[in-house]
Structures are given as structure tokens and as C-alpha cells.
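Chemist: If you scroll down you'll find the structure; I have some questions about it.
The values are calculated or read from the model by the stated rules, or taken from the named source; none is laboratory data. Computed from a predicted model, the values in this text were never measured in an experiment. Glycine gets a Cβ as well: all are built from the backbone with ideal geometry, and neighbour counts include every protein chain shown. Heavy atoms of the whole protein, side chains included, go into the accessibility calculation; ligands, DNA and RNA do not. Shrake-Rupley method; radii C 1.70, N 1.55, O 1.52, S 1.80 Å.
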Amino acid sequence: MPHSPLSFKLITFFYLLLTLSGASLATVGHHRRPRFSPHNYRDALAKSILFFQGQRSGKLPPSQKMAWRKDSGLFDGSTMNVDLVGGYYDAGDNVKFGFPMAFSTTMLSWSVVEFGGVMRDELNNAKEAIRWATDYLLKATALPDTVFVQVGDANKDHVCWERPEDMDTPRTVLKIDRNSPGSEVAAETAAALASASLVFRRSDPSYSKLLIKRAIRVFEFGDKYRGSYSNGLKDFVCPFYCSFSGYQDELLWGAAWLHRATKNGSYLNYIQENGQILGGGELDNTFGWDNKHVGARILLSKAFLIQNVKSLRDYKGHSDNFICSLVPGAPFSSARYTPGGLLYKMGDSNMQYVTSTSFLLLTYAKYLTSAHTTAHCAGRTITPNALRAIAQKQIDYLLGENPLKMSYMVGYGGRYPRRIHHRGSSLPSIAEHPAKIDCSSGFSAMDSDSPNPNVLVGAVVGGPDQNDGFPDERSDYEQSEPSTYINAPLVGSLAYFAHSFGQL
Ligand SMILES: *[C@@H]1O[C@H](CO)[C@@H](O)[C@H](O)[C@H]1NC(C)=O
């Protein structure tokens, strides 16, 4: 379940006041090459990908390794005579929300696009995780000018505590079309399909072509019929995955991915003509399932830095501004960190911003290195290695270098969250307890102090509070719930640290 960005904006505002009034952050003095770390990044990488198996909906294949999960949602779509079996549950519940599912797919794909070359044994697992989503997104976009954007009724699902294999709440199917548009979810779906087309370009060219053809069509639909799905589908998608940041950011982000995947100049023209309106002036440096502004900036900076697309020159400056907002002690720094050093955006699912921001830092560092240049913050030079050092500190914190010595990845290290807010993980498995556990019976497991019986290996939870505290309480969805969009960008960062420290 997602956040309320209003609280974030208030926090940012007060923080800006604090920094402007002279209260200073811990200053990072000299940036050295990333140092040797005791963490087993390879183990963490494998687990971060395995997590997605625990979130699978649909008919599970024989290769399923997370064996406590079984088939579920086998009739999804049937109420509208369409096949919507498959895809992922977003977090600790049993709803398939298309908007964050598409974003998670885009970030998994971006992880492979940038760092797949160093994923080694994990590359195929990452691609399998992407394909589980894209197979579903192809079903959801099979009809022209229509995207099926949700299966399940979140209000009804959330009053039950049921295994996905048992669920009996309505599998309500929601769609956007010409009459009820949803430009943000259409453009994010296009971004997911386009980025995935790059992932499969060499290994499965026909699948890749199918993905890009669909991405082009879905983007056209989202751009032509403009509107937010939070209007037409308000009662179902809000407050869960309501689009707070509007759809302009997704149109820019979708066009950026289509340009990267097709190299078709028409997307470049689109970005030039609409870039100011779609992305101009936005100062919010939050990057997550709702807000794609800074992701689009970093992505577009590559075309300028590496392909020398002159018309995108401004995106280098925009990206530098984003970087400057994060570097502790730099001019215009506005990011908050906990006393233990974790980037802190907001109380609800903060770790998603830690993983997404770390990914952008490593990706921008890669682009800057290829272009033999640096970032600039009001006259101060920030090297790619300085960006990597910030990202490493965040990832190491997540893996256990923090005041509580707690790994926030389930199943990694000796001390990790035992009572995560996740229905399937917290209830006995089908193998242990074949009889159905109905809607309200599950709450005895939810309320119990016992550790979860099924270890959702690789799941990263919302994480500590602003003082590095973590109660490990199942009812606390803000801190104890995992999600696909926390893990997706982490996959790329872990691949970098596992296999190419200081080389990219
Ligand atoms: C580029 O994209 C535009 C808009 O989708 C399309 O009309 C055109 O045919 C494409 N060009 C190529 C070479 O694919």
C-alpha cells in the first residue's frame, strides 16, 4: 500500500527551511573509490530476484522455487470474458494493481538494460521475472485503446487476511479506454513494454518485437486520450495507487523509453515539443511508482551524454540538479538522512525511495563515466565515484550496516524482519494446512507474535523510521510490508555491487 505524498512535501519544505537557516548535514568530505564491503552482494542479488516468485499470481510453472506458493487467481478476467491470469501481487495483499506492476517491470528491465551484462548466473532469473510481468501486460493490452489496469477490489481484499490460493473476494476487473482514460497507467505500461523489449532484443527477437509494437500502440492511446485514471476509477484505485503527480511525468518517461527502444526521431520531437510542459520546473526529487520526473531526466541524459543528442542537453543539467539535491553538504542539498545514514523521504514504505534513488545514482555514474565527465553542483564537482559511494552506503545500510544491525531483506544475514505484513508469508502454507482459511480466520495469524511460517526470501520491507527504529510488527504496513517496486530497482544496484565494483 502506498503513501500520501503531502506529508513528504511538508517534510521537504521544513527540511529546506532547516538547511537554509544554517542547520547542517553530516558533510561528506572526500569521496574515495568505493571501498571493499563485507556484504555478500551476490547472495543478496539472487534473493532480490527470487522474491518475485513469491508475488506471482496465476498458474505457477514447474520451475517455481518458492515452493510454499501455489496457483492462484486462475479465473482472473473471466467476469469480463478476458484472460488476465498471471502477473504479480503488488505487496502483502492479493490485488493486481496495474500501475505499480508496470513501474516495477520498467525498473526490473532498466536494471537489466544497465547492469544485465554483469548479472552472470542471475541474468536468466531476472529475465524470467520480467517475462512474468510482460506476459501479463500483453494480455492486459490485447484490445486496442484499452488497458486492463486492475484485478481485485482493494477495499474488500483489505478486510480479509487470506492466502492468495484461498482468496474469495471479488476479482473485479477495471479498465481504461477512450471514455475513461488513464494516461499515467497507459504510458507507464508502454514504458514497461518498451524497456522489456530491450531486455529480450538479442535472446528472443520475436518476443521483443511484439513488446515494442504493443508499447507504441499503448503509448499512442495514452497520449491521444489524456486524463488520469484516478478520476474515472477513483473509488477503486484511490487511495491505494491514486496518481498524485499527474500523468505528465509518465508521458515524458514513456516517450523517453520509446525513444531509447526504437531510436525513432518522432519521440525525440515529442520530447522537445512537450518536455517543458510535461516535465519542466518540477523540483520534487521523489522517484517511485507515482512520480517519474527524475527517472525521465536521468534516462534522457544518456542520449545527450553518450549518443550526443544535442537537443537533450538540458537533461544533463536537470540530472545534475537532482544529484545535487541528494549529496549531503552540497549546495542545494535537500535530502534528509536518518542519524544512521539512510535516505529518509517518508514513513510509509521509505525503502522504495532508497532503492530507486540508489539505482539512479549508479546509473548516472555509469553514464557520466562513459562520457568522461562529472556532475556539477553550483561550482562544485561531484565525481561518478562520489555518487557510487552514496549509493553503496544506502545499499549497505539496507543489508545490515545500521544501528540495529538489521538486514531489511528477508532471508539475508542473521537478523532480518520475521513478521512481515504479507498474507501468504504469515499464514501456514497450503502444504502445511490444506484446508481453506477464510477471510476473517486469517486475522489470528495476523495478530500473533510468532514469526511468519513462510520465509519470503529476498523481500525488502518498508524499513526503519526516521530514527533508525524498526519494531518488526506485522500490523505495521508502513514499515513491515514488502513490495515489487521496492525490490525492482534494487536488482540493478546489487548486480553492480556484486560483479562490477568500480568498473562501470
Ligand atoms: C516513427 O514513429 C512514428 C509515430 O509513431 C511513426 O508514424 C513512424 O512510422 C515511425 N517511423 C519508423 C521509421 O518506424
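Chemist: How high is the relative contact order of the chain, in percent, with contacts defined as C-alpha pairs under 8 Å that are six or more residues apart? All intermediate terms of the calculation are to be shown ahead of the outcome.
Modeler: On the way: 986 pairs, mean separation 106.6, N = 504.
It comes to 21 percent, rounded to a whole number.
Chemist: Using 0.36 nm per residue of separation minus the Cα-Cα distance, give me the extension gain between His376 and Cys238 in nm, one decimal.
Modeler: On the way: separation 138, 0.36 × 138 = 49.68 nm, distance 3.92 nm.
Here the segment from His376 to Cys238 would lengthen by 45.8 nm.
Chemist: Pairs Lys59/Lys213; Lys209/Lys263; Lys59/Lys139; Lys139/Lys213: which exceed 19 Å Cα-Cα?
Modeler: In this structure, Lys59/Lys213 lie more than 19 Å apart at Cα.
Chemist: Before rounding to the nearest 500, sum -39500 (n - 2.57) across all DSSP H runs of length at least 4 in the chain and divide by the residue total; then give [θ] at 222 nm in deg cm²/dmol.
Modeler: -14500 deg cm²/dmol
Chemist: Separate question: Carbon and sulfur: what percent of segment 5-500's accessible surface (1.4 Å probe)?
Modeler: Solvent-exposed carbon and sulfur of segment 5-500 make up 54 percent of the total.
Chemist: Sort segment 218-319 into rounded, prolate or oblate with this rule: let a ≥ b ≥ c be the square roots of the eigenvalues of the Cα gyration tensor; rounded if a/c is under 1.5, and if a/c is not under 1.5, prolate when a/b is larger than b/c, oblate otherwise. Could the numbers behind the result be given before it?
Modeler: Details: a/c = 2.46, a/b = 1.65, b/c = 1.49.
Since a/c reaches 1.5 and a/b is larger than b/c, the shape of segment 218-319 is classed as prolate.
Chemist: Excluding same-chain residues fewer than 8 positions from Lys393, which lysines have a Cα within less than 30 Å of its Cα?
Modeler: Straight-line reach from Lys393, under 30 Å: Lys9, Lys47, Lys127, Lys292, Lys302, Lys316, Lys345, Lys366, Lys405.
Chemist: Work out the P(r) tail for the chain: percent of alpha carbon pairs separated by more than 35 Å, whole number.
Modeler: Value for the chain: 27 percent of Cα pairs lie more than 35 Å apart.
Chemist: How far, in nm, would the chain grow between Asn155 and Phe75 when pulled straight, counting 0.36 nm per residue and subtracting the alpha carbon separation?
Modeler: That pair, Asn155 and Phe75, stretches by 26.8 nm at full extension.
Chemist: Leaving ligands, DNA and RNA out of it, work out the accessible area of Ile277 with a 1.4 Å probe and give it in Å² to the nearest 10.
Modeler: Its accessible surface works out to 130 Å², give or take rounding.
Chemist: A further question on this structure: Figure the gain on full extension for Lys224 and Leu60 (residue separation times 0.36 nm, minus the Cα-Cα span) and round it to one decimal in nm.
Modeler: Extra length available between Lys224 and Leu60 comes to 55.4 nm.
Chemist: How do the peptides 365-375, 341-351 rank, highest first, by the average count of neighbouring beta carbon atoms within 10 Å per residue?
Modeler: 341-351, 365-375
Chemist: Within segment 138-154, what residues put their amide N at less than 15 Å from the label point 7 Å along the Cα-to-Cβ vector of Met446?
Modeler: Taking a point 7 Å out along Cα→Cβ of Met446, the residues of segment 138-154 whose backbone N falls under 15 Å are 153-154.
Chemist: Then there is this: Considering Cα pairs under 8 angstrom that are at least six residues apart, work out the relative contact order of segment 341-447 and quote it in whole percent.
Modeler: Contact order relative to length: 17 percent.
Chemist: Ok, one more. Quick check for me: using +1 on Lys/Arg Cβ and -1 on Asp/Glu Cβ, what's the dipole size of the chain about its Cα centre, in debye to the nearest 20?
Modeler: Roughly 1880 debye, rounded to the nearest 20.
Chemist: Quick one: if the Förster radius is 41 Å, what FRET efficiency do Lys263 and Lys405 give, using the C-beta to C-beta distance and rounding to 0.05?
Modeler: Numbers: r = 48 Å, r/R0 = 1.16.
It comes out at approximately 0.30.
Chemist: Right, something else. Roughly how far apart, in whole Å, are the Cα centres of segment 65-110 and segment 449-504?
Modeler: Measuring centre to centre over Cα atoms gives 20 Å.
Chemist: For an R0 of 25 angstrom, estimate the FRET efficiency from the Cβ-Cβ distance between Gln307 and Arg202 and round to the nearest 0.05.
Modeler: The formula returns an efficiency of 0.80 here.
Chemist: Which translational diffusion coefficient, to the nearest whole µm²/s, is obtained for segment 408-504 from the Stokes-Einstein equation, given a Kirkwood hydrodynamic radius over C-alpha pairs, 10 °C and 1.306 mPa s?
Modeler: Numbers: Rh = 14.8 Å.
The calculation lands on 107 µm²/s.
Chemist: Can you work out the accessible area per residue across the chain, with the rest of the protein chains kept in place, probe 1.4 Å, in square angstrom?
Modeler: For the chain, the solvent-accessible area averages 37 Å² per residue.
Chemist: Once you charge only the Cβ atoms, +1 for Lys and Arg and -1 for Asp and Glu, what is the size of the charge dipole of segment 360-504 about its Cα centre, to the nearest 20 debye?
Modeler: 640
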